[in-house]
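Everything below concerns the one structure shown next.
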Amino acid sequence: MSIGQLALGRDGLRVAGGSVEPLVSSEQLLAALEGECIERFRPLLPVGYDTVATAYRMAAGTITARDLSEHYTSGLSSFHDEFVPQLKSRLSWLSGEEWTLSDLDDFIAFAAGSDVDLMSHLIEAVAAREQVVAYPGDWYGFSVGSTHAENILWNEDATDRLACLCVPSVRNGHLTQEMLNFLASGSACLLNLNLFPTLAVAERSTVARQLRPLLNKSVLSISFSRGFSMTASQLGVFLLHRDHPFVRRFGEQWNWFTYFYNSLAAQTFLHLDWTNLQSVDNSRRAWVDAWLASHNLPQIDSGSYYVKSFSLRGLVPEELQPLTRNGLVRLCFKPPQT
């Protein structure tokens, strides 16, 4: 039972003939999950790549005593002069060059131990003074790292406030028009590029094209632990325009964090085999499609293979409660490790 083929055009992304959150019955979902461990489908966890483990080993094998001594001097220069240009180039490639290198030329980089560290600092600092808005059903981490929970809202309208969203959203693995409207309404955007590399090539280009008008008001947070499964030794990077108000407001603190960036993770990124990563992602996408088909669930021919969400007809039975977020039943897949 196919939801339909992905339709791509200059007007945006849509799923022809269906929804990115298709309506199913509780009986249909319960039958699909019979004999399965429900808990296995609850947390959104990265699935490792053999090629990433290889890249870690290669990076670790190049470290010298001099590297350790010069981490805060020449190592910091290496971050800005070698790693950041490579990161921009790779983002442009992932976007199908919808984000050109000239688009990113005036973007500067800051780093910390992980993307969660950086995003938590930004949200905590902004929420201390004003409201921050996250899209309903998206990443819980936008709120859990802050001590100002009263100033963090879950709403589809972010007018004149910081709008936070994962790209694609962990609500349903997509970037929808409603989410784009949400981002457009905000005074600034925090875009957590987490599962973006796991989208199919054409969809990545479409998503990047849709986001391009918002780039200059956005903070791009690169999540190396999700899209690239770099979890063993993590790194967080912010990219934002040098004239962004947050650079003036937080630049001193973020420059301080950057001194302590994870050089091993940065070098690992430079050693990644991108052809292999894309091949594995294609295989995993096919694996999830086959699982949905064999379990008589709608095939959602778009979005990240990690997350597929369903609207439920009627009340949610107790067995499905652990998988329910914001009124949706969300299945988080763990395809075979390769």
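The values are calculated or read from the model by the stated rules, or taken from the named source; none is laboratory data. Note that this is a predicted model, so its numbers are computed, not measured. Cβ sites come from the backbone with ideal geometry, for glycine too, and all protein chains shown count toward neighbours.
Listed values, structure above:
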quantity: Condition met for A286 (among the hydrophobic types (A, V, I, L, M, F, W, C) and in contact with a Ser or Thr (Cβ under 6 Å, 6 or more places away or on another chain)); calculated: no
quantity: Contacts under 7 angstrom Cβ, first residue in region 78-107 being in the same structural domain as S221 (by TED's automatic domain parsing) and more than 15 Å from N262 (Cβ to Cβ), partner in a loop (DSSP other than H, G, I, E, B) and of a type outside the set (D, E, K, R), 6 or more apart; calculated: L91/W99; S92/W99; S92/T100
quantity: For D115: the one exception among (1) acidic (D, E); (2) crowded, with 21+ Cβ neighbours inside 10 Å; (3) modelled with pLDDT of 95 or more; calculated: (3)
quantity: Residue selected from region 302-316 under the condition surrounded by 21 or more Cβ atoms within 10 Å (Cβ to Cβ) and not polar (S, T, N, Q), by the criterion nearest to G48 (Cα to Cα); calculated: Y306
quantity: Any hit, region 244-252, residues being assigned by TED's automatic domain parsing to the domain that holds Q131 and farther than 30 Å from E156 by Cα; calculated: yes
quantity: Selection from region 125-156 of residues that are over 25 Å from S309 (Cα atoms) and in contact (Cβ under 8 Å) with a residue 60 or more places away in the chain; calculated: A125
quantity: Helices (runs of 4 or more DSSP H) contained entirely in region 196-284, each with at least 1 residues that are of a type in the set (V, I, T) and over 21 Å from the mean Cα position of the chain (by Cα); calculated: 245-258
